[in-house]
Structures are given as structure tokens and as C-alpha cells.
1. Roughly how much of D122 is accessible, in Å² to the nearest 10, using a 1.4 Å probe?
2. Using a Cα-Cα cut-off of under 20 Å, which lysines could be cross-linked to K82, ignoring same-chain neighbours fewer than 8 residues away?
3. Given q = 0.18, 0.22, 0.28, 0.29 Å⁻¹, what are the Debye log10 I(q)/I(0) values for the stretch 448-497, with equal point scatterers placed on the Cα positions and solvent ignored?
4. For the stretch 385-541, calculate the relative contact order in percent as a whole number, restricting contacts to Cα pairs under 8 Å that are 6 or more residues apart.
5. How do 224-235, 419-430 rank on mean C-beta neighbours within 10 Å, highest first?
6. Tell me, what % of the accessible area of the stretch 424-501 is carbon and sulfur with a 1.4 angstrom probe?
7. Please compute the per residue accessible area over the stretch 466-522 with all protein chains in place, 1.4 Å probe, rounded to a whole number of Å².
8. Determine the principal axes of the Cα atoms in the stretch 381-495, then give the extent along each, sorted from largest to smallest and rounded to whole angstroms.
Amino acid sequence: MNYARWFIENTRGIRLNILVRILAGLLQTVLALLVVWLSKMLIDDVAMTGTIVEMAIQALLIAVAVVAGVGIRQVNQYLANKSFIKKVAELRLSLFSRLFNRCLFEDNEIHSGDVTSRMAKDIDAVSETLAVQLPQVVVMTIQLVGAFLLMRWFDSRLAWALVLITPLAIILGKYIAHRLKKITLSIREDESRIMAKIQESVELNAVLRALQGERWMLDRVGELQDRQTVNYIRRSRFMVFSRFALGCTFGLGYMLAFVWGAYGLRTGAITFGVMTSFLQLVGQIQQPILSLLGSFPSIIYSTASIDRLKEMDHGEGEQSEKCEDITTNDVLGIRMDNVTFRYAKGDRDVVSHFSHDFRPGTKTAILGTTGTGKTTLFRLILNFIQPASGVVAFYGDGFTHVADKSTRAHVVFVPQGNTLISGTIRNNLLMAKPDASDEELQTALYTSCADFVFDLPQGLDTVLSEHGGGLSEGQAQRIAIARGLLRPGAVLLLDEISSALDEATEHELFSRLFAARPSTTMLLITHRKKVASLCDERLPL
């Protein structure tokens with residue numbers, strides 16, 4: 001029932017398309033049965049007693065019905081492709097948007113390579129089922145019922161004999177369904193692991209080469225692919241066996257109809273026209289049954305994909321209370337009172353009973369060795385994580401508000417390292433403020449000592465590759481700072497922003513930054529004593 005509910009909910013946007021295709025399938029079924037009926041009439045009546053003109057008219061009617069049926073089938077295929085493409089795009093965008101609502105830094109995080117795999121293969125699988133397979137199941141069921149009823153009108157014994165063969169195939173399908181889903185889930189998981197290794201290898205290509213670890217990584221990917229290949233072969237064996245059984249079952253059904261028809265002709269119980277109709281109807285009964293049972297594994301595969309897509313919703317639900325409008329406040333402070341936090345997989349408190357008042361407008365250097373909780377403090381302020389105990393609160397002139405998702409709008413965060421995306425420098429900057437003017441871009445670049453951009457041949461429209469490829473680490477870092485400065489937040493969190501800069505550039509950067517944002521509350525994670533000496537306060541952790 002959970003899968004049925006998921007399918008029903010996610011047909012939004014393509015329901016009219018599905019309805020039109022079902023109605024077209026109904027019309028196609030009527031035309032197919034009409035061809036059977038007209039063929040019988042042509043052989044038994046018109047061919048025996050009618051004129052040449054009547055035979056031509058009958059043949060023309062059959063031809064029109066056949067051509068109309070082919071045309072409807074092609075329209076149905078076009079509509080199916082259209083709904084599939086639309087549903088893939090819709091599900092991918094919906095899932096992509098939900099990624100930004102997941103709670104961060106928890107023990108159920110999904111590897112980025114796994115996310116990529118799910119947003120490709122799993123979304124394709126469920127979209128195929130939603131947009132193509134399920135409507136086709138309805139149409140094939142209509143065709144099956146129509147063909148059965150017409151055959152029953154001709155000869156009820158043969159109709160019921162053919163139907164009684166079908167449960168054998170259905171029982172077989174149910175027998176392997178559970179194992180098919182289990183194998184498919186294992187295949188999907190291995191695919192995700194392979195994509196994760198490939199993605200990490202692309203990002204750390206230089207590191208792997210420097211360590212001469214290429215062979216080690218190739219071996220890991222090879223092991224995963226070998227295991228995936230074994231599962232693919234296992235699944236293929238299931239499918240070969242089931243299709244062999246189905247082929248034999250329906251082949252025998254066709255032989256039954258043929259022998260039964262021959263016997264009827266011998267005894268005079270049926271005419272040649274009825275015999276022809278039998279053979280046509282057997283095909284029209286077997287074809288939808290084969291299609292239905294062929295769709296069955298695809299639907300099973302898609303349920304495994306649904307489970308994997310649902311996993312990406314776990315941890316969703318960042319809490320966002322209504323926040324007092326503080327966008328007009330130029331000066332905000334942050335008060336941390338007895339805050340304690342431990343990561344889900346950690347064996348100790350990273351922050352333990354920590355209290356401090358980052359007063360409005362002050363510049364504070366946060367010092368300490370690796371693992372003392374400096375970055376964790378930033379995550380608490382940004383509400384990426386919530387304290388196990390204690391309070392993180394923003395305060396200003398006459399108000400206090402506990403940190404939550406909404407207070408993030410008043411914080412500018414510049415993380416450590418190169419965080420640029422592929423595309424132009426302009427687009428990297430506009431990520432922070434889409435409506436920023438060229439003057440605002442120039443000011444931010446100047447403040448961050450990134451005005452070298454204007455000396456590049458294409459200036460702001462210079463195209464960067466992944467991770468700011470084409471720039472030095474220091475240049476990329478300064479552009480990332482400029483991007484953060486485009487935001488109007490009253491609190492600025494800077495995580496080792498000058499680690500790739502020389503001393504002269506570093507000094508100039510902070511001189512410009514402090515002069516441009518004198519009333520902004522700044523928290524700077526740094527290991528450099530010269531940077532710390534420029535601040536109002538030094539906070540060792």
C-alpha cells in the first residue's frame with residue numbers, strides 16, 4: 001500500500017496525459033477486436049456470398065481499422081515519452097530541492113556519489129514505471145478483458161482453458177519477485193559505491209597519482225564491479241528462466257487453440273472465419289499477458305528505487321520558527337550559554353559547557369589546535385547542528401532570538417578552501433546575491449583583494465572549470481570571500497580565509513575588510529598570530 005500511495009501521489013502533473021493514453025488504449029483495443037470481427041465476416045460471409053465490391057469494402061474497413069490502430073499506438077508512444085521526460089525532470093528537481101532541507105553532519109548522511117546515482121538511475125526507474133509501465137498495465141488489462149470476452153462469445157471452453165494457463169506464470173512471477181527486488185537493491189547499492197569511488201578519484205586525482213595509489217583505487221572499483229556483475233548475471237538467470245517458462249506456457253496455449261480449431265473444423269462445429277478469429281484472439285490474449293508479466297519485474301525494480309529515494313528524505317525537516325525581522329539591524333551579537341555538542345559518531349563532546357559573548361560589532365579571533373571545536377562553533381551558529389544542551393542566541397537592540405534556520409539569513413559564512421563552482425566568475429558571485437549590480441560586484445571584489453579579476457581577458461565573464469580550475473588557490477579563495485561579502489548579514493564567519501595568501505596580501509585583505517564592515521560582528525578561525533593581533537579579542541579553544 002505504501003508503494004501504491006507513493007505512485008498515486010507522484011502522478012501529479014501527468015494525470016491528464018495518463019488518462020488520454022488509457023482512453024486511446026481503449027480505442028485501440030476496440031479497433032483490434034473490430035479487425036478480428038471484420039476478418040471473420042470477410043471469410044465466412046462476404047467471401048462466400050458477397051460480390052467483389054462488397055469484399056473490397058470489407059477489406060478497406062479492415063485496412064482503415066489497422067492503420068488507425070497503428071496511428072493510435074504511435075501517439076500513445078509519443079505521449080508516454082513526453083510524460084517520462086517530464087516526470088524525470090520533476091522528480092529530479094524535487095529531490096534536488098529536498099537536499100537543502102536535510103539535517104547536516106548526522107550519522108545517516110549519504111555519500112555524494114551515491115546521491116548522484118540515485119538522482120540518475122533510481123529516478124529513471126521510478127519515472128519509467130510511473131509514466132510508462134503503470135498506464136501500459138491498465139491498457140493491457142483492458143485489451144486482455146476485451147479479447148477474452150470476444151473469444152468467450154465464440155467458444156467459452158477455449159477461452160477458459162487459455163485463462164487457466166495464466167496463473168502458472170503468475171505464481172512463477174510471485175515466487176521470484178522477492179528475490180528480484182533483493183538482487184536489484186544490491187545492484188543499485190553497488191552502483192552507488194562505484195560512482196562514489198569514481199567521483200572521489202576525479203576530485204583527488206592528483207593526490208592518488210602522488211601517492212601512486214591508482215592501482216589500489218582501480219582494484220577497489222574492480223571488486224565492486226565484479227560483485228555487481230555477479231548480481232546482474234543472477235538477475236539475468238531469473239529472467240531467462242521465467243521468460244522460458246512463460247514462452248513455453250503461451251506457446252502451448254497457442255497450440256491448444258490451433259488444435260482445438262482444427263478439431264472444430266473437422267467436426268463442423270466452427271467455420272474457417274471462427275478458426276481465424278481464434279488464432280487472432282489467442283495472440284491478443286497472450287500479448288497483453290506477456291506485457292503484464294514483462295512489466296512485473298520493472299515494477300519490482302522500481303520499488304527498490306523508491307526505497308532508496310525515500311532514504312534521501314530521512315533527516316529532513318530543519319526547524320524554522322518565525323524570526324523577528326532583524327534585517328534592518330546593522331549590529332548583532334551572538335551569545336553562547338553553556339553549550340554542549342557531540343557528533344553522532346563521536347566518542348566525546350566536541351564542545352563542552354561552552355559560554356561566550358561575541359559582542360555586537362567586535363572582531364574575534366578563534367584559536368586552537370585541530371579538533372578543539374572551532375568549526376563546530378560555526379555550525380552551531382549557522383544552525384546546521386543543534387546543541388545537546390545550552391543555548392545559541394542572536395541579540396541586538398532590545399531583542400534576543402535563539403538560533404534556527406531563519407537566523408541563518410543574517411549570517412555571512414566564508415568556509416575554508418576553494419568552494420567555487422564551474423561557470424563564470426560572475427555566476428559564482430551572483431550565487432550570493434542574484435540581483436547584485438556590477439558596482440556591488442566591483443566593491444566586493446576590491447574589498448576581498450580579488451580585483452585581479454578585471455585584469456583577466458574576459459573579466460567577470462571568465463569561465464572557470466570545476467573547483468575554480470584556471471585560478472590559483474589564493475585567487476579562488478579571494479573570489480569566494482567576495483561572494484560572501486555580497487550578502488548583507490550582520491554577522492561574518494570566516495574560516496581560515498587567508499590560508500592560501502602571502503603575508504602582504506593577507507594584511508591588505510583584513511585592512512580592507514575591517515574598513516568596509518566596521519560594525520559587522522566577525523568571528524575568524526585562524527592559526528596566524530598576525531591575523532589574531534588585528535582583532536579586538538582572541539578566544540583560545
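The values are calculated or read from the model by the stated rules, or taken from the named source; none is laboratory data. On a predicted model such as this, the values are computed, not experimentally measured, just so you know. Positions of Cβ are backbone-derived with ideal geometry, glycine not excepted, and every protein chain shown enters the neighbour counts. Remember, those area values only see protein heavy atoms, side chains included, never the ligands or the DNA or RNA. Shrake-Rupley method; radii C 1.70, N 1.55, O 1.52, S 1.80 Å.
1. Here the accessible area works out near 0 Å².
2. Excluding near neighbours in sequence, the set is K121.
3. -0.62, -0.86, -1.19, -1.23
4. 28
5. 419-430, 224-235
6. Carbon and sulfur atoms account for 49 percent of the accessible area of the stretch 424-501.
7. Details: 2040 Å² over 57 residues.
On a per-residue basis, 36 Å².
8. For the stretch 381-495, the Cα extents along the three principal axes come out at 51, 28, 20 Å.
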